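Q: Here it is: the structure, laid out below.
The values are calculated or read from the model by the stated rules, or taken from the named source; none is laboratory data. On a predicted model such as this, the values are computed, not experimentally measured, just so you know. Cβ placement follows ideal geometry from the backbone for every residue including glycine, while neighbour counts extend to all protein chains displayed.
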Amino acid sequence: MVPGAVTVRVPRDRLGTFRPRLLPSYARRTGALDDMVISLTAKGLTSGEIVSHLAQTYGMTTTKETIATITDSRSGTRVPCGRDPITD
């Protein structure tokens, strides 16, 4: 066994009665990560700096694209590429 590794034994749920408690079905991340990324973005960190911070602080690997997806999903003000919101 590798240090830090966790072995999880999951029984089969043949009747489909299992309901997750921590994350909704098919969710990929918690709202806490989203909140942290938005907070770091608001403080002026770039996507690359956020990726680096998450790797150094939490040992977490993620991509700039994931960070962009989180910030775009929370901002709701994404401008299509090639459009200027001021002149349009």
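Q: Is there a residue in the stretch 36-50 that is at pLDDT 80 or above, more than 22 Å from the chain's Cα centre (by Cα) and aliphatic (A, V, I, L, M)?
A: Scanning the stretch 36-50, I find no residue that is at pLDDT 80 or above, more than 22 Å from the chain's Cα centre (by Cα) and aliphatic (A, V, I, L, M), so the answer is no.
Q: So His53 fits all but one of (1) out of contact with any helix residue (DSSP H, G or I) (no Cβ under 7 Å at 6 or more places or on another chain); (2) more than 10 Å from Ile70 (Cβ to Cβ); what number is the exception?
A: (1)
Q: Hey, another quick one. Does the stretch 33-52 hold any residues that are surrounded by 15 or more Cβ atoms within 10 Å (Cβ to Cβ) and in a loop (DSSP other than H, G, I, E, B), and which are they?
A: Passing the criteria: only Leu45.
Q: While we're on this one: Could you tell me whether Arg83 is modelled with pLDDT under 80 and either part of a helix (DSSP H, G or I) or surrounded by 12 or more Cβ atoms within 10 Å (Cβ to Cβ) (or both)? Before you say what the answer is, go through the steps one by one.
A: On the way: modelled with pLDDT under 80: yes; either part of a helix (DSSP H, G or I) or surrounded by 12 or more Cβ atoms within 10 Å (Cβ to Cβ) (or both): no.
No, not satisfied.
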